[in-house]
Amino acid sequence: MRRILLFFSFIFFLYASWTVLEKLATKTDNQSVFDTITSEIDRVSESEELATIKDKVNEGIQYIGTLLQSLEEQAPENSIIDNSNVKKPELHVPSEQLFSIHNIELGESKENVEAKLGAPNRITENEYGASWYTYHEEYHNFIMVAYDKGNNVVGLYTNQDLISSKKGIQRGTPKQVVLEQLGEPMTRIQKGFVYYEFQQDRDYDVFYIDSTYVTIFYDKHQDNTVTSIQIVSEALEQNRADFYSSASEQLKEGFEYQLFDLTNATRVNFGLGILNWDDSVRETARKHSSDMAEHNYFSHTNLDGQSPFDRMLEDEILFTIAGENLAYGQFSSIFAHEGLMNSWGHRENILKQEYTYLGVGVAFNNESHPYYTENFYTK
């Protein structure tokens, strides 16, 4: 709005001074120039022109204000949403295992799951050679479920308040309490004859409990409390023969849509409107991920010196505001998203109220290490 007011002020100044400039064009004598400026300023300030110009400027300001208000009213997806009316399930202590999500435990049948949750909103390939079946209600009560060939649950994930445990662990539980209840987390995992070490400064812990791998993620911006959980069976984990899964078109698309869904589920947690998927900006993101993977670099600025905004404009994507998140090396969309949420600048993009569109592009390098690019924008 300040820029608009300055613009109208400039127009007023230009209009009021135009006749002065015309007369100055024919003057060469310094005193004559000074006299001309003085007389013209007096004339304009005392004339009806000034009142007319002021009226026009005020009309313009009122019009811009009305226009901005109208645009805000036409963009409900940007608004803060009210979560108070969302029906949350009554959570029960799991009967068979240490943890359940949305009252679902590993080993439960797909038939029983969908009797509770209905049909999945999306099915995408994951890093375990299986699929995540994603269930939610406009991203409320968000849960991802993996099934084995017998249609029994072998994997679960949520980043919402759907966690129940015999140990009392739930979303919001402090990390110290988790460690007191579950003991020392794993420091490495074996794949074949190779051990893969977990990074020391990680924002998650992995526990091996009753033939399951339980990964608990923490939000370091909320006092290192539990923010989400992934539970996978030993059989599903061992189905992933390497730390990084082999690259494929199906896995690439799976990671892309999973990151999109995880972002919206997180926005709902914070009372923000959900983003719309955009295929055009997904292609922009894919090209940047591919460029980084092919040329072995990791940066928002590509090797041609282009910024994310340059790349979007080059692809004829018009925006008023835009942002980009990058991640590299995380072996799944879940780990990539949780890492981005613990990086303040990336977190700000994920939780920016004004954004309305998101496209995600993934690419793999020769070692199947994934590069993730998220492009956010508002028209």
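Things to note:
- Test: residue in segment 330-341 that is among the charged types (D, E, K, R) and either under 15 Å from F217 (Cα atoms) or under 12 Å from the mean Cα position of the chain (by Cα) (or both): yes
- Subset tally (residues that are more than 26 Å from N349 (Cβ to Cβ) and hydroxyl-bearing (S, T, Y)) for segment 219-270: 4
- For segment 231-280, taking the residues that are under 14 Å from the mean Cα position of the chain (by Cα) and among the hydroxyl-bearing types (S, T, Y), the one that is farthest from L326 (Cα to Cα) is identified as T266.
- Selected residue (only one of E184, E137, E180 is open to solvent by 80 Å² or more (accessible area, probe 1.4 Å) and over 28 Å from D223 (Cα atoms)): E137
One line per residue, one yes/no per condition, for (1) open to solvent by 10 Å² or more (accessible area, probe 1.4 Å); (2) in contact with a Gly (Cβ under 9 Å, 6 or more places away or on another chain):
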position: D310; (1), (2): yes, no
position: L313; (1), (2): yes, no
position: E316; (1), (2): yes, no
position: A322; (1), (2): yes, no
position: A327; (1), (2): no, yes
position: F331; (1), (2): yes, no
position: I334; (1), (2): no, no
position: H337; (1), (2): no, no
position: W344; (1), (2): yes, no
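- So E114, is it part of a helix (DSSP H, G or I) and closer than 26 Å to N239 by Cβ: yes
- Residue check, F255 of a type in the set (A, V, I, L, M, F, W, C), touching a Pro at 6+ places or on another chain (Cβ under 7 Å), open to solvent by less than 40 Å² (accessible area, probe 1.4 Å) and closer than 30 Å to T356 by Cβ: yes
- The residue pairs whose first member lies in segment 137-154 and is touching a residue at least 60 places away in the same chain (Cβ under 8 Å) and under 11 Å from S233 (Cβ atoms), whose second member is open to solvent by 10 Å² or more (accessible area, probe 1.4 Å) and assigned to a strand (DSSP E or B), and whose beta carbons are closer than 6 Å, counting only pairs six or more residues apart or on different chains, are A146/V154; D148/V154; V154/S233.
- Look at (1) open to solvent by 20 Å² or more (accessible area, probe 1.4 Å); (2) at pLDDT 95 or above and you find that F142 fails only one, number (1).
- The set of residues in segment 203-227 being touching a residue at least 40 places away in the same chain (Cβ under 8 Å) and charged (D, E, K, R) consists of D203, D210, D219, K220, D223.
- S368 open to solvent by 10 Å² or more (accessible area, probe 1.4 Å) and free of Cβ contacts under 8 Å to residues at least 24 places away in the same chain: no
- Wholly enclosed strands (runs of 3 or more DSSP E) of segment 317-379 bearing at least 1 residues closer than 22 Å to E125 by Cβ, of a type in the set (A, V, I, L, M, F, W, C) and out of contact with any His (no Cβ under 7 Å at 6 or more places or on another chain): 321-328, 357-364
- Qualifying positions in segment 86-102 - surrounded by 16 or more Cβ atoms within 10 Å (Cβ to Cβ) and more than 14 Å from R171 (Cα to Cα): P94, Q97, L98
- Test: residue in segment 254-275 that is touching an Asp or Glu at 6+ places or on another chain (Cβ under 8 Å), closer than 30 Å to K88 by Cα and hydroxyl-bearing (S, T, Y): yes
- Residue ID - farthest from the chain's Cα centre (by Cα), chosen from residues in segment 172-204 that are part of a loop (DSSP other than H, G, I, E, B) and of a type in the set (F, W, Y): F193
- Some residue of segment 215-229 being open to solvent by 70 Å² or more (accessible area, probe 1.4 Å) and over 24 Å from F270 (Cα atoms): no
- Count of segment 134-157 residues, restricted to those that are assigned to a strand (DSSP E or B), touching a Lys or Arg at 6+ places or on another chain (Cβ under 8 Å) and among the hydroxyl-bearing types (S, T, Y), is 2.
The values are calculated or read from the model by the stated rules, or taken from the named source; none is laboratory data. What you see is a predicted model, and the numbers here were worked out from it, not measured in a lab. No Cβ is skipped: glycine too gets one built from the backbone with ideal geometry, and neighbour counts run over all protein chains shown. To get the accessible areas, we keep the full protein, side chains included, count just its heavy atoms, and leave off ligands, DNA and RNA. Shrake-Rupley method; radii C 1.70, N 1.55, O 1.52, S 1.80 Å.
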